[in-house]
Amino acid sequence: MYETVKKNAEYTVFTKKSCTPFRILQLTDVHIGAGLFTRKKDKLALSAVEKIVKAADADFIIVTGDLVYPMWFSGGSHNNRKSAKKFADLMESLGVQWTFVFGNHDSEVWAKLSKSELADFYRSYPTCRFEKGDENITGVGNYPVIIENEDGTLNTVLMLIDSNAYLSWNFFSGFDVIHDDQIGWYKKTISDIGATYEEKGFISDGKIPRSLAFFHIPPKEFKDAWEKLYRGDKSVTYRHGFVQEKDNYFGYPKTKKSNFFAEMVRFDSCKGMFMGHDHLNTLSLDYEGIRLTYGMSIDYLAYRGIKNKISQRGGTVIDIFDDGSFDVKMLPLSDIK
């Protein structure tokens, strides 16, 4: 399907074959506990991941956060290295190249490994393409992955972003946002990649490269768009999925304003945003020129009673075509035989 090249120390490049979609599988909120009380649920989660990966037949897998769940008071362990090993060992055995962004639970304040240490652990696996990114930018893991066409032209830049965790050290402080320095990094990275391909004659002069963004915590504008949709506002187009969280909950940051969505609309590079965080939401819609999509989740552990819910569980398939256009569809676990 593709040829993978490590172009330099900064990013991975996939060369897409002509007339064949480049397929990304988005997984999210796997929540491996590796604790005293999570053995059965971890087995269910890992089995679900294996089935979805095999059914998707993807070229690349992106996990949008909360791979692990080091919550000792509910799972019986704070050892995120042990839970990370369970997940990464499975991914390595499946043989598909993959990467991820951090969610709010991957490295809680009491967890064994920090985000940076956890990143180094995952990076030790040959099929993992994670990059820690510029240490002077907020977060761990702000980095691009490039998809080229077979003739060397630039197709799409995948922008992996750390949407951070909490405003202070714990859940009760409220969720953090994508910071302004990360927004500046996004714009500069896209502009620099565009300039590189323009110099080679592989992109039109002055053309802003098309990008897709992957992160964990949704922006407030996702709920704004959904509210407009159910009021009948024609500026929003429904694509698929549902809002199934209690009281129509969207887990966006409530106490801190983010400029990310508005700046992406103005910049006009980002055509899709893919996230997780709210395990029961699977909604996908078009708003302000951007496709906003909740990935189907895996979680059997973090939400009380979620083990017995099925309509939200699965993966999300993103097919990217020769002209940079893309298609998104759900891959429910319940549909996989």
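So, residue 103, is that one out of contact with any strand residue (DSSP E or B) (no Cβ under 8 Å at 6 or more places or on another chain), touching a residue at least 24 places away in the same chain (Cβ under 8 Å) and within 21 Å of residue 261 (Cα to Cα) or not? Against the criterion (out of contact with any strand residue (DSSP E or B) (no Cβ under 8 Å at 6 or more places or on another chain), touching a residue at least 24 places away in the same chain (Cβ under 8 Å) and within 21 Å of residue 261 (Cα to Cα)), residue 103 does not qualify. Restricting attention to the range 136-176, and to residues there that are among the hydroxyl-bearing types (Ser, Thr, Tyr), more than 19 Å from residue 63 (Cβ to Cβ) and under 21 Å from the mean Cα position of the chain (by Cα), which single residue is surrounded by the fewest Cβ atoms within 10 Å (Cβ to Cβ)? The residue in question is 166. Within the range 137-183, the set of residues being within 17 Å of residue 116 (Cα to Cα) and assigned to a strand (DSSP E or B) comprises 143, 160, 166. Select from the range 293-334 the residues that are small (Gly, Ala, Ser) and assigned to a strand (DSSP E or B) and write down the one among them that is surrounded by the fewest Cβ atoms within 10 Å (Cβ to Cβ). So the residue we want is 314.
Taken over the range 195-210, the criterion of being of a type outside the set (Asp, Glu) and surrounded by fewer than 23 Cβ atoms within 10 Å (Cβ to Cβ) is satisfied by 195, 196, 197, 200, 201, 202, 203, 204, 206, 207, 208, 210. Going through 118, 167 one at a time, which residue ends up being touching a Gly at 6+ places or on another chain (Cβ under 6 Å) and of a type in the set (A, V, I, L, M)? Sole residue among the options that is touching a Gly at 6+ places or on another chain (Cβ under 6 Å) and of a type in the set (A, V, I, L, M): 167.
Taking the listed residues 83, 77, the one that is assigned to a helix (DSSP H, G or I) and of a type in the set (S, T, N, Q) is 83, with no other qualifying.
Among the residues of the range 109-132, those identified as out of contact with any Asp or Glu (no Cβ under 9 Å at 6 or more places or on another chain) and polar (S, T, N, Q) are 114, 124. Count of the range 19-61 residues, restricted to those that are without any contact (Cβ under 8 Å) to a residue 40 or more places away in the chain and part of a helix (DSSP H, G or I), is 4.
Quick check: is even one residue across the range 184-195 outside any helix (DSSP H, G or I) and either at positive phi or not aliphatic (A, V, I, L, M) (or both)? No, the range 184-195 contains no residue that is outside any helix (DSSP H, G or I) and either at positive phi or not aliphatic (A, V, I, L, M) (or both). The set of residues in the range 95-125 that are part of a loop (DSSP other than H, G, I, E, B), surrounded by fewer than 16 Cβ atoms within 10 Å (Cβ to Cβ) and not hydrophobic (A, V, I, L, M, F, W, C) comprises 95, 114, 124. Filtering the range 58-94 to residues that are within 12 Å of residue 30 (Cβ to Cβ) and of a type in the set (A, V, I, L, M) leaves 61, 63, 67, 68, 84, 88, 90, 91.
The residues of the range 241-269 that are surrounded by fewer than 17 Cβ atoms within 10 Å (Cβ to Cβ) and in contact with a Lys or Arg (Cβ under 7 Å, 6 or more places away or on another chain) amount to a single one, 267.
Scanning the range 224-235 for residues that are part of a loop (DSSP other than H, G, I, E, B), more than 23 Å from residue 171 (Cβ to Cβ), hydroxyl-bearing (Ser, Thr, Tyr) and touching a residue at least 40 places away in the same chain (Cβ under 8 Å) turns up at least one hit. Looking only at the range 57-81, filter to residues that are more than 23 Å from residue 108 (Cα to Cα) and buried (at least 22 other Cβ atoms within 10 Å of the Cβ); which one of those is nearest to the chain's Cα centre (by Cα)? If we take residues in the range 57-81 being more than 23 Å from residue 108 (Cα to Cα) and buried (at least 22 other Cβ atoms within 10 Å of the Cβ), then 61 is nearest to the chain's Cα centre (by Cα). Take the residues in the range 86-112 that are among the hydrophobic types (A, V, I, L, M, F, W, C) and modelled with pLDDT under 95, then tell me which one is farthest from residue 74 (Cα to Cα). The selected residue is 109.
Every residue in the range 253-302 that is small (Gly, Ala, Ser), at positive phi and in contact with a Phe, Trp or Tyr (Cβ under 9 Å, 6 or more places away or on another chain), please. Once the filter is applied, which keeps residues that are small (Gly, Ala, Ser), at positive phi and in contact with a Phe, Trp or Tyr (Cβ under 9 Å, 6 or more places away or on another chain), the range 253-302 yields nothing.
The values are calculated or read from the model by the stated rules, or taken from the named source; none is laboratory data. Computed from a prediction, not measured in an experiment: that's the story for all the values here. Methodologically, a virtual Cβ is constructed for each residue, glycine included, from the backbone with ideal geometry; neighbour enumeration extends over all protein chains shown.
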